[in-house]
There are 4 protein chains.
Amino acid sequence: MIKVGIIGATGYAGAEIVRLLQAHPDAQVVWYGSRSYIDKKYSETFGNFYKLVDSKCLDDNMEELANEVDVIFTATPQGLCASLVNDDILNKVKIIDLSADFRLKDVKIYEEWYKIEHKSPQYIEEAVYGLCEINRDKIKNARLIANPGCYTTCSILTAYPLVKEGLIDPDTLIVDALSGVSGAGRGGKVANLYCEVNESAKPYGVAVHRHTPEIEEQLGYAAGKKLTINFTPHLVPMNRGILATEYATLVKKDGALPTASDIRAAYEKYYGKEKFIRILEHGVYPETRWVEGSNFTDIGFKIDERTGRIIMMGALDNLVKGAAGQAVQNMNIMFGFDEAKGLDLVPSFP
Amino acid sequence: MIKVGIIGATGYAGAEIVRLLQAHPDAQVVWYGSRSYIDKKYSETFGNFYKLVDSKCLDDNMEELANEVDVIFTATPQGLCASLVNDDILNKVKIIDLSADFRLKDVKIYEEWYKIEHKSPQYIEEAVYGLCEINRDKIKNARLIANPGCYTTCSILTAYPLVKEGLIDPDTLIVDALSGVSGAGRGGKVANLYCEVNESAKPYGVAVHRHTPEIEEQLGYAAGKKLTINFTPHLVPMNRGILATEYATLVKKDGALPTASDIRAAYEKYYGKEKFIRILEHGVYPETRWVEGSNFTDIGFKIDERTGRIIMMGALDNLVKGAAGQAVQNMNIMFGFDEAKGLDLVPSFP
Amino acid sequence: MIKVGIIGATGYAGAEIVRLLQAHPDAQVVWYGSRSYIDKKYSETFGNFYKLVDSKCLDDNMEELANEVDVIFTATPQGLCASLVNDDILNKVKIIDLSADFRLKDVKIYEEWYKIEHKSPQYIEEAVYGLCEINRDKIKNARLIANPGCYTTCSILTAYPLVKEGLIDPDTLIVDALSGVSGAGRGGKVANLYCEVNESAKPYGVAVHRHTPEIEEQLGYAAGKKLTINFTPHLVPMNRGILATEYATLVKKDGALPTASDIRAAYEKYYGKEKFIRILEHGVYPETRWVEGSNFTDIGFKIDERTGRIIMMGALDNLVKGAAGQAVQNMNIMFGFDEAKGLDLVPSFP
Amino acid sequence: MIKVGIIGATGYAGAEIVRLLQAHPDAQVVWYGSRSYIDKKYSETFGNFYKLVDSKCLDDNMEELANEVDVIFTATPQGLCASLVNDDILNKVKIIDLSADFRLKDVKIYEEWYKIEHKSPQYIEEAVYGLCEINRDKIKNARLIANPGCYTTCSILTAYPLVKEGLIDPDTLIVDALSGVSGAGRGGKVANLYCEVNESAKPYGVAVHRHTPEIEEQLGYAAGKKLTINFTPHLVPMNRGILATEYATLVKKDGALPTASDIRAAYEKYYGKEKFIRILEHGVYPETRWVEGSNFTDIGFKIDERTGRIIMMGALDNLVKGAAGQAVQNMNIMFGFDEAKGLDLVPSFP
């Protein structure tokens, strides 16, 4: 039984880690860190844990935590993890950072898109981008995991095999994505009030959203070259879910477009044995309701012969595969557990 | 490993049984009955089960089922179970009926409130009302369980200890309840379309709702006399959840109202050791979000000294404790499994 | 054309006054007061008014306002209006206060339930409770209107004729009410975030909600004696709407319960000519969707002969008849306009 | 005062025409056609009209209607209007068809995308595509208006000026759109039940949606050549609203991308005087909440210099500008009324 500490346990992603680990046979949360709620019972901030979690919230003290736990999840705003981590800590404990601090390899791009100074760039090179299905081997021995963002996980997984296999022209890639509101966090902002979000849909961060360079970097590795894409997030009125609809021009071979079989073969090649990626049947497209509460990413596609483009679509639960679930999946890989431990979650519908 | 058959597997309650049993170590669904979808893959009707359930839907044939399974769940409209069940079947297999057919001991009341003829009244006496926390002992050896309704489970559990202990005058009981929309089933009715239900709240079945006599009968046993109550259900725009707000006049003892401690003691007496009933802290009231996806019933109360009344409040997930969860709990009791097996569900929020 | 000033124009009720007055032929908003947004364009805080309202927000200066407008609406938290009003102002301008400051005639009850000191109790006696259908005559010549609350308007109108006619025993009255989230205001509170409210229903302020004494006082006038009632508000996931379900024991006459005709006659007596109250057909109950966006209150009822109680039900839009609409209706009465001017709003569905 | 007949008055679009004409000073609905509800009171199917509309539903008899009214709105499934219209009718009455029957000039494309035979192709040439801001002059004297679809109105208006001015390469155009659920109609389909739609987002009709050729045809006129585009609709959980996010590659001039000023100038050129199109300020993007209940289309844009693309965004209320509002706007133009008559609707928020 490993011991787990969470820094930022009272955000939505932090609470989802708590929920998942309640059902994990080999890991136990012993530190519920939350600077805002120190000494308050954890279950007072999340009533679902009443009678299930009896602990009080503790300070976000990474030094102390490093002595008491085997792995630390940081589910905090960008900047915090980078400002706390040091050699001493990394020698004692594994860190899975759910923020963006160690996702981008080029610190300049980080500072440009996030508008903050990076406090520990010396660990960027070492950090492993924790997209489990792609980087499984590197994750095994990592000390520091950069857990991917919700939009990013969905956007990358949906396009990865086709980019990798050269079936699409990656410079034509456009990612249009929808998100549930839990992705916006639990801060008391007017913009996220029920009445502001309900009965409305809106784009935001158009052409400047911070997940853009993350998608570009990772798909760039697959393409073997630098990419520039368009990514447009939208907020829609639901608690959970990411849906990514992605457009790209298909690459002709001998003057012919790839067929649906070609495309399916590429997806099968990379994901055929992946437990948490479901390639949908022909003519079926992902819907967020079918993945809610689970660690699945559902992927479907449609070739449009009229335009020569393919429309790729992916869906996941932003708090599970898009945050806490993938973080636990990373933990399982790092500690040599069965990768699906604690993650055998049947999507809950309705 | 016992074998399970479900008649009515493509309704919301049926699908929730499937979801719960996916995680049950000792029970396996082998028959997905659904007259409307015969030969169609089950996962085509509920995409959440894609890659998890590979079976096709079969006919609702109880005779045949009785030879193949150990327990049958009937998650069907009222009338069906009563029309299918017979001695031969009951000798071979346990039946847990999620419809109302065997809930009321007085067949006249059944026929009056449900406006249909009861096809097998000879089994009414034998059937056990499957409210686990109250009737656990009788459930153990039952062949036929009448699984309580969602409103009923919530309404009865919330008031039961105070009625039983004589702390409230049961003839003053008024139950005002709210329900999520999944309680209305998966039929294609205009009244349950998204646009009809969204952004609206409405009462229905006022003074004639069929759960009324069910509450009256069960609380009548607790009171030791016949009761007549008011019950008003309301539909509110959410997928899941029942919230019951109940009013009753407190019974004075030596001229004094019972205190909060008296009330709490009564709840503790009956539910203190119950895993699935959470008595909330003083000043905390139930909210459906804190029980969603779980088998919990949360209960809170407030004494109003100004009016001499108590307000009792209960919340549960209508598809879990209000239907499939309680059905599985009944199955566990009947087969001698740990009562919580497959039901260790942490409520999912948000 | 009269000139209108709004103090608290950037709350939901304030914005609804703006929306309604856009369509009012004889009144024009000239002062958009909002301390939090001074100098910011009003349409930046409410994008629906882009190109419709070009003004900037101004300070909440009642002294200055009194010189510039004919009527001031205060759509602010309790305490503010009472702290600003004085003789000089009241001699210059009409005030319609949407807060609770002048609703309760007994200042002690105000201070006890609201937990604040009343800063100008000398105007309480003079203030007219602006429930238009009941107090129309007094409103005509008032200088200061206490505009009723949303729960209160609905709760009182629904029960008033039966209390007034002695058809129900007012001491048995229980009001169980549901509210949309806009009633909670536009402040950035965690409790009102989308993910906290969506997919949940909850009671709050049980037995201590501040609208309780307001209902008691007004229905007490109808009953001709002091009343004590139970009132339980619930928050449900929708933007707008109040639904009140009210229970009371019917008063027998010569040993017989009043009939549905008796009840209907009482409603017709008081509301038969009222434009904004719709008495529903037999067997039809109010639903908030049918009044949304309009100034209507819909009322229905059901006699339960089994229990001797009546269930009265009312629905209105909390931002219109429950706030801004009634405020404009009061303004129309005060200035001698047609009472429905600017309020001919057809409910918008879906 | 002109007389109006509605065929299909009990669908959502039909009911919205009724709502809008309630406030129209020069038009009056005298025929509420609805084959499914003949002889039933109209207000029983839409409770919002209780006490406002007293009529009963009549049959969808276009011949008879033509003798009794000045204009007929057909808010019916495709195929019906084409099967009813004839010379005699068109000589007597104006027809505004909200279905797709007369939107596409090429009958083969109609039959290919809609999979039905066109019953009166002889009127296709004459029919005017009722996109008011673009075809105002032709609408004035038309007998038969093909009222544009909701997705189409939004998609075309958002891109039109940039296509017309040659600022974007129209063959790179990708339209990714979101719709509220009322666009799916009021039929009792499982797919549109509350629980199926709530808490989910999904793409549908990918690369085969029927609004595709409509957008292609109309923008093709602007481009002066045939176009092939991608259009992907998504269903999101809200009652009303269309949001279109459109991507296209900017056309360089002398090696330089158009500037934001160039783009704005193009929008101003075509829409600067249009009452119902609001070009948003720099950095502001449309949100469906700001147009709900109104006839506005809000348009914003963002140039992405990194990719050389522009992201154009438009929002409207699918039942107003996307259906009934535009239909009334067409009626106003046809009858020489002020174009905004009955359409001075302030968007309702929240």
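Every number in this text was worked out from the coordinates using simple rules, so none of it is lab data. The shown structure was predicted, so the numbers you read here are calculated from the model rather than taken from an experiment. Because the Cβ atoms are built from the backbone with ideal geometry, glycine has one as well, and the counts that use them run over all protein chains shown.
The Cα center of region A:161-234 and the Cα center of region B:133-182 differ in position by 48 Å. Using C-alpha pairs under 8 Å with a sequence gap of at least 6, the mean separation divided by the residue count of chain B gives a relative contact order of 17 percent. Ordered by the number of other Cβ atoms lying within 10 Å of each residue's own Cβ, fewest first, D:349, B:296 fall into the sequence D:349, B:296.
Antiparallel beta bridges, as assigned by DSSP with both residues in chain C, represent about 50 percent of the total such bridges. Test of understanding: given chain D, find the longest segment containing no trypsin sites (Lys or Arg not before Pro) that are in a DSSP loop and have at most 16 other Cβ atoms within 10 Å. That gives D:120-188 as the longest site-free run. A label point on residue A:115, set 7 Å along the Cα-to-Cβ line, lies at 3.7, 5.0, 6.2 nm from each of its counterparts in the other copies, closest listed first. Of B:57, A:81, the sequence from fewest to most neighbouring Cβ atoms within 10 angstrom is B:57, A:81. Overall, the ratio between the Cα radius of gyration of region D:224-350 and 2.2 N^0.38 Å, rounded to two decimals, is 1.18. Calculate one ³J(HN,Hα) per residue across region A:13-27 by plugging θ = phi - 60° into the Karplus curve 6.51 cos²θ - 1.76 cosθ + 1.60, and present them in order as whole Hz with x for glycine and proline. Result, rounded to whole Hz: 5, x, 5, 6, 4, 4, 4, 5, 6, 4, 9, 8, x, 10, 9. Rounded to two decimals, the Cα radius of gyration of region C:2-126 over 2.2 N^0.38 Å is 1.08. Computed 3J(HN,Hα) for region B:150-166, one whole-Hz value per residue from the Karplus formula 6.51 cos²θ - 1.76 cosθ + 1.60 where θ = phi - 60°, is 6, 4, 5, 3, 5, 5, 5, 4, 5, 9, 3, x, 6, 5, 4, 8, x, glycine and proline marked x. As a test, work out the antiparallel percent of DSSP beta bridges whose residues both lie in region C:2-126, rounded to the nearest 5. Of all bridge pairs located within region C:2-126, approximately 5 percent are antiparallel.
Remark: label point of residue D:38 defined 7 Å out from Cα along the Cα-Cβ vector; separations to the same position in other copies 3.6, 6.8, 7.7 nm, ascending.
For region C:48-195, the relative contact order works out to 18 percent when only alpha carbon pairs closer than 8 Å and six or more residues apart are counted. A cut-off of 5 Å between modelled amide H atoms, ignoring neighbours fewer than 5 places along the same chain, links residue B:239 with B:181. Neighbour counts of other Cβ atoms within 10 Å put B:319, D:316 in the fewest-to-most order B:319, D:316. Plainly put, the tip 7 Å out from Cα toward Cβ on residue D:54 is 4.4, 6.8, 7.0 nm from that tip on each other copy, the closest given first.
For the options A:68, A:165, A:199, a Gaussian network treatment of chain A with springs between C-alpha atoms closer than 10 Å singles out A:199 as fluctuating the most.
Less than 5 angstrom separates the built amide H of residue B:60 from those of B:34, B:35, all sequence-distant by 5 or more or on a different chain. Computed over the protein assembly as shown, the range of Cα coordinates on each principal axis works out to 93, 76, 64 Å, biggest value leading. Distant-in-sequence amide contacts of residue C:2, defined by a placed amide H-H separation under 5 Å and a gap of 5 or more residues or a different chain, comprise C:27, C:28.
Positive contributions from Lys and Arg (+1) and negative ones from Asp and Glu (-1), summed over other residues with Cβ under 10 Å from the Cβ of residue C:238, come out at -1.
Over chain D, dividing the summed -39,500 (n - 2.57) contributions of all DSSP H runs of at least 4 residues by the number of residues returns a 222 nm mean residue ellipticity of -8500 deg cm²/dmol. Working note: Karplus 6.51/-1.76/1.60 with θ = phi - 60° gives region D:305-320 the couplings 5, 4, 10, x, 9, 10, 10, 9, 9, x, 9, 8, 8, 4, 8, 9 Hz, where Gly and Pro are set to x.
Given chain A, report the % of alpha carbon pairs whose separation exceeds 36 Å. Above the 36 Å cut-off, chain A has 18 percent of its Cα pairs. Taking a ≥ b ≥ c as the square roots of the eigenvalues of the Cα gyration tensor, region B:103-258 is classed as oblate, since a/c reaches at least 1.5 and a/b does not exceed b/c.
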